[in-house]
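First comes the structure, then the notes that go with it.
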Ligand SMILES: [Zn+2]
């Protein structure tokens, strides 16, 4: 019965309120418990961080988007990593009402050659479907660009986002102290630490500054003790969910290409860790995302 009900939820995601009332007798037939329609409407998920423009989706992008939206996602935010990817993100957003875009330069792409395009990215940021500036930040793990270029670019983009009053999407890998210090000094407390990889204390420190913490599929990995602790203990009002697709697919898809629909596996694990229902988790995290990105 559980399967039938959840399959039915998938279909409901695409229906108007009137449609749902029309099929109500069927839902009662299918279910041996009363379905709270409000719950279903409010329990849709948002993937707050995907890279739908990347070549990994070239063969089946439309299908991937369809699967996510039919599967219970209300929105997907596709995130830019440079000028071209930001432009493509906006194009995708204009092709689908449920997709929104962010623009910016990933720290891997920080440097003088990117600086030439920063004015054009700023222009893109004015598009009606752009809801954030990012992803920006620091990555001292890969070190694809020099720390000083990364720092300069991070501060510059923070300022541009602040000027436009856009929330920021922050990438922080092996750079916790520096990212924290910069956000404290230059940030406006409006944004999200995406794919959060620090401990609970750091999460609470970012939350104190006003930022949301986004939990990735990593939380489903057995050995992800830190992330599980963060996901189970931070205030739910400060939590977002994401895939970072096509990267970091959650269990049971680990090792495969990630896609926005898989945020539902992450949500299930976080709900389990917090001992709350999936509907409650979805409702709260979706409201959070809507509030931050003004969806
Ligand atoms: Zn990303």
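The values are calculated or read from the model by the stated rules, or taken from the named source; none is laboratory data. Values in this document were obtained by computation on a predicted structure and should not be read as measured data. Cβ: placed from backbone, ideal geometry, glycine included. Neighbour counts: every protein chain shown.
Is at least one residue of segment 110-121 surrounded by fewer than 20 Cβ atoms within 10 Å (Cβ to Cβ) and within 18 Å of residue 247 (Cα to Cα)? Taking every residue of segment 110-121 in turn, none turns out to be surrounded by fewer than 20 Cβ atoms within 10 Å (Cβ to Cβ) and within 18 Å of residue 247 (Cα to Cα). Just so you know, in segment 196-212 the residues that are buried (at least 24 other Cβ atoms within 10 Å of the Cβ) and under 14 Å from residue 176 (Cβ atoms) include one that is nearest to the ligand (Cβ to nearest atom), and it is 196.
Within segment 247-260, the residues that satisfy the criterion of being touching a strand residue (DSSP E or B) at 6+ places or on another chain (Cβ under 8 Å), in a loop (DSSP other than H, G, I, E, B) and surrounded by 18 or more Cβ atoms within 10 Å (Cβ to Cβ) are 258, 259.
The residues on offer are 263, 270, and the sole one that is away from the ligand (no atom under 16 Å from the Cβ), part of a helix (DSSP H, G or I) and closer than 23 Å to residue 135 by Cβ is 270. Residue count for segment 195-221, restricted to those that are part of a loop (DSSP other than H, G, I, E, B) and in contact (Cβ under 8 Å) with a residue 24 or more places away in the chain: 8.
Flag: residue 175 does not match the condition of being surrounded by 16 or more Cβ atoms within 10 Å (Cβ to Cβ), assigned by TED's automatic domain parsing to the domain that holds residue 63, in contact with a strand residue (DSSP E or B) (Cβ under 7 Å, 6 or more places away or on another chain) and under 28 Å from residue 65 (Cα atoms).
Condition check: assigned to a helix (DSSP H, G or I), within 16 Å of the ligand (Cβ to nearest atom) and under 18 Å from residue 51 (Cβ atoms). Does residue 150 satisfy that? So residue 150 fails the test.
Every residue, every condition in (1) on the phi > 0 side of the Ramachandran plot; (2) touching a helix residue (DSSP H, G or I) at 6+ places or on another chain (Cβ under 9 Å), yes or no:
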position: 104; (1), (2): yes, yes
position: 113; (1), (2): no, no
position: 160; (1), (2): no, yes
position: 173; (1), (2): no, yes
